[in-house]
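Before any comments, here is the structure.
What follows draws every value from the coordinates through simple rules; no lab data is involved. Quick caveat, the model's predicted, so the values are computed rather than measured. Cβ coordinates were reconstructed from backbone atoms using ideal geometry, including for glycine residues, and neighbour counts include every protein chain displayed.
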Amino acid sequence: MGNLIIIAIDAMLISNIVLMRFLGICPYVGVSKRQGTALGMGFAVIFVMTFATVISFLIQRLILDKFGLQYLQTIVFILVIASLVQMVEIMMKKVAPALFHALGIYLPLITTNCAILGVAFLTIQKDYSFVQGLVFSITAGIGYMIAIFIFAGIREKFDFADIPKPFQDASIALITAGLLSMAFFGFAGIVKL
Amino acid sequence: MAENKFIVRAAPFLKQREDVKTIMWTVLIALLPATLWALYLYRFRALSVILFTLLFTQLFEIIFLRIRGNKNIIESAFDGSALVTALLLALNLPSGSPWWMCAIGGFVAMLFGKHVYGGLGNNPFNPALVARVFLLLSFPTIMNTWTVGLNPDIITGATPLGLMKTEGLQAIQNLDLWRLFIGLPVESIGGGSIGEISELAILAGGLLLIARGIIKPLIPIIYILTVFIFTGIMYFVNPAAYANPIFHMVTGGLFLGAFFMATDFVTTPLTMKGKFIFALGCGIITSLIRLFGSYPEGVSFSILIMNALTPTIDKFTKTKKFGG
């Protein structure tokens with residue numbers, strides 16, 4: 001249990017998927033102009049991340065490890081995650097239209113995102129058990145949501161700022177993300193894995 | 001004929017001259033005690049840091065204002081805001097920092113801290129802290145070399161917080177907390193950043209700011225109190241493993257951060273409720289980093305993180321319109 005809490009805090013704050021591992025930067029910059037959309041994106045990431053990690057974990061342990069096919073890991077994970085999320089989307093449209101509309105455009109956007117694939121890989125790389133992997137993927141997603149929600153709050157204020165032309169939009173977003181990531185360095189070592 | 005004493009005028013009925021310039025110069029005066037104490041302790045090694053940082057930061061302010069096409073450069077560049085940023089940055093550097101580090105600090109503070117966001121009033125992060133954390137992450141060796149004050153020979157030593165982190169609690173058990181509060185040098189203990197050594201001098205400046213109505217006492221009080229209570233609970237639970245809460249108050253940059261950097265108007269929440277949450281968050285993060293983190297000191301990190309949260313806090317603590 002203690003181990004799971006440490007994994008959770010580490011994934012949310014200390015090794016934050018965006019601010020410390022620099023994964024998933026494109027949706028981080030792309031859909032962070034409003035806090036509402038950022039929150040939607042955050043939920044979609046949590047959902048897809050958990051789902052993808054669980055499936056890829058099972059595939060790794062039950063198929064790839066068993067038959068010595070670890071060298072196929074990358075291509076298998078990409079294909080499986082992408083097709084599974086598309087299938088889930090089609091099913092969700094029929095079964096749970098409310099959830100489908102809530103996640104909306106974000107679901108296909110992050111299907112093949114590096115953050116999703118990264119967390120699936122990290123779970124295998126760190127040799128987590130199934131439960132540890134589950135906690136890790138959920139909290140990594142929550143970490144993503146925290147980061148994008150805070151970030152969207154800062155960006156909303158840019159509407160009223162006289163930002164010099166070369167720095168508008170993506171470049172000021174990347175600079176701000178850099179400064180935010182500098183601030184998050186302070187959390188280093190609060191829990192030790 | 002009776003003299004007409006009712007003078008009818010249109011609003012605003014301003015009695016006090018209070019603009020950016022007045023406020024910035026008051027802040028500079030409030031920083032004077034800490035600055036003078038730094039000069040007394042470190043003489044030339046503090047003077048060079050302060051002068052170079054002021055010079056380069058002001059220079060970059062003028063350059064960036066010019067590049068941005070400011071029409072009124074003289075008025076904008078010399079409103080004192082760059083000097084306040086520069087002095088705060090200088091007071092957050094170790095004595096004897098090389099001139100090029102002061103220049104890089106001034107550059108980062110003015111460019112990434114302020115002008116890319118559209119200048120004074122638009123920056124989400126405190127420029128001085130952006131520069132300080134940038135330097136700390138880029139040049140960790142220089143930024144962690146502390147010298148003993150009032151000593152003609154340059155003797156380096158870890159700060160009390162650093163000692164606690166590396167050597168454990170027994171290394172700091174016998175320190176005279178009163179001496180640390182006043183800021184008198186202690187044998188073989190590095191003072192810290194030049195401006196944070198004397199809590200007394202910072203307190204004097206902070207009280208001036210409060211008396212002049214520039215800052216409200218809420219943030220400093222809640223910030224320092226949160227650190228006191230957090231570390232106090234840990235001390236109460238296990239005095240063998242955690243330091244006395246008073247020790248946490250009189251060491252490091254807590255006072256300097258709480259009075260001068262967590263109270264910046266631009267980067268802190270607007271409402272009282274928001275300020276309370278802001279200060280509480282700063283206190284909790286500072287204590288977490290000091291007690292459990294890899295860095296010995298967490299004041300600058302915690303204020304930067306809470307700066308980032310400020311727009312969100314503002315959104316959730318919006319006051320209700322009357323009748324709304």
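Some notes on this structure:
- Net lengthening on full extension, B:PHE265/B:ARG66 (0.36 nm per residue, minus Cα-Cα): 69.2 nm
- Neighbouring partner chain Cβ atoms per residue of A:148-155, average, 10 Å criterion: 4
- Listed by number, the DSSP H helices of chain A that run 18 Å or longer by alpha-carbon position along their axis and have mean Kyte hydropathy of at least -0.5 are A:35-59, A:73-95, A:130-156, A:170-184.
- Most mobile listed residue (B:ASP264, B:ASP176, B:ASP19) in chain B, GNM with C-alpha springs under 10 Å: B:ASP19
- Put simply, the Cα atoms of segment B:20-142 extend 41, 31, 21 Å along their principal axes, the longest span coming first.
- Using bins of 5 Å that start at zero, the share of Cα-Cα pairs per bin across segment B:180-292 amounts to 2, 12, 21, 21, 20, 14, 6, 2, 0, in whole %.
- Tilt relative to chain B, helix B:299-316 - C-alpha long axis, 0 to 90 degrees, to 10: 40 degrees
- Quotient of C-alpha Rg and 2.2 N^0.38 Å, computed over segment B:125-197: 1.19
- Close amide H pairs (under 5 Å, H built 1.01 Å from N) link B:GLY149 with B:VAL186, B:GLY191, residues at least 5 positions away or on another chain.
- The HN-Hα couplings worked out from phi for segment B:240-256 by the Karplus form 6.51 cos²θ - 1.76 cosθ + 1.60 (θ = phi - 60°) are 7, 10, 10, 7, 3, x, 4, 4, 5, 6, 8, 10, x, x, 4, 5, 4 Hz, whole numbers, x standing for Gly and Pro.
- Nitroxide proxy distance, nm - points 7 Å out along Cα→Cβ at B:LEU32 and A:PHE130: 7.2 nm
- Distance from segment B:262-324 to segment B:79-143 (C-alpha centre basis), Å: 20 Å
- Stokes-Einstein D (µm²/s) once Rh is taken as the Kirkwood radius of chain B over alpha-carbon pairs, at 37 °C in 0.692 mPa s: 160 µm²/s
- Dipole magnitude of the protein assembly as shown about its Cα centre (Cβ charges: Lys, Arg +1; Asp, Glu -1), debye to nearest 20: 1220 debye
- Per-residue Karplus couplings for segment B:179-196, computed as 6.51 cos²θ - 1.76 cosθ + 1.60 with θ equal to phi - 60°, are listed in order as 4, 5, 5, 6, x, 6, x, 10, 3, 6, 10, x, x, x, 4, 4, x, 9 Hz, Gly and Pro entered as x.
- Inter-chain neighbour count for B:49-56: the average number of beta-carbon atoms from partner chains within 10 Å of each residue's beta-carbon is 0.
- Pairs of Cα atoms nearer than 8 Å and 6+ residues apart set the relative contact order; for chain B it is 17 percent.
- B:ASN4-A:PHE160 pseudo-label distance in nm [points 7 Å out on the Cα-to-Cβ vector]: 4.0 nm
- Inverse mean reciprocal Cα-Cα distance (Kirkwood Rh) of the protein assembly as shown, Å: 25.0 Å
- A Förster distance of 30 Å, applied to the separation of the beta-carbon atoms of B:ALA204 and B:LEU55, puts the FRET efficiency at 0.70.
- Packing around the peptides B:104-110, A:128-134, taken as the average count of other Cβ atoms within 10 Å per residue, puts them in this order, highest first: B:104-110, A:128-134.
- Inter-chain shielding of B:116-124 (mean C-beta neighbours from other protein chains, 10 Å cut-off): 6
- Helix axis angle, B:218-237 relative to chain B longest principal axis, alpha carbon, degrees: 20 degrees
- Here B:LYS165 is the anchor, and the lysines within straight C-alpha reach of less than 19 Å, apart from those fewer than 8 places off in the same chain, are A:LYS192.
- Hull volume per residue, based on the alpha-carbon atoms of segment B:112-265 and their convex hull, is 135 Å³.
- Proximity of backbone amide H atoms, modeled 1.01 Å from N, is registered between A:ILE190 and B:SER294 at under 5 Å, excluding neighbours fewer than 5 places apart on the same chain.
- Helical contribution to [θ] at 222 nm, DSSP H n ≥ 4, -39,500 (n - 2.57), averaged over the protein assembly as shown, rounded to 500: -19000 deg cm²/dmol
- Area projected by the alpha carbon convex hull of chain A, averaged over all directions, nm²: 12.2 nm²
- Pairs of lysines in segment A:2-189 (C-alpha under 28 Å apart; 8 or more residues apart or interchain): 5
- Taking the convex hull of the alpha carbon positions in segment A:63-110 and averaging its projected area over all directions gives 4.0 nm².
- Qualifying trypsin sites (Lys or Arg not before Pro) in segment A:50-118, where qualification requires a DSSP coil assignment and no more than 11 other C-beta atoms within 10 Å, comprise A:LYS66.
- Distance-filtered residues of segment B:200-214 - backbone nitrogen under 20 Å, label point 7 angstrom along B:LYS15 Cα→Cβ: B:209-214
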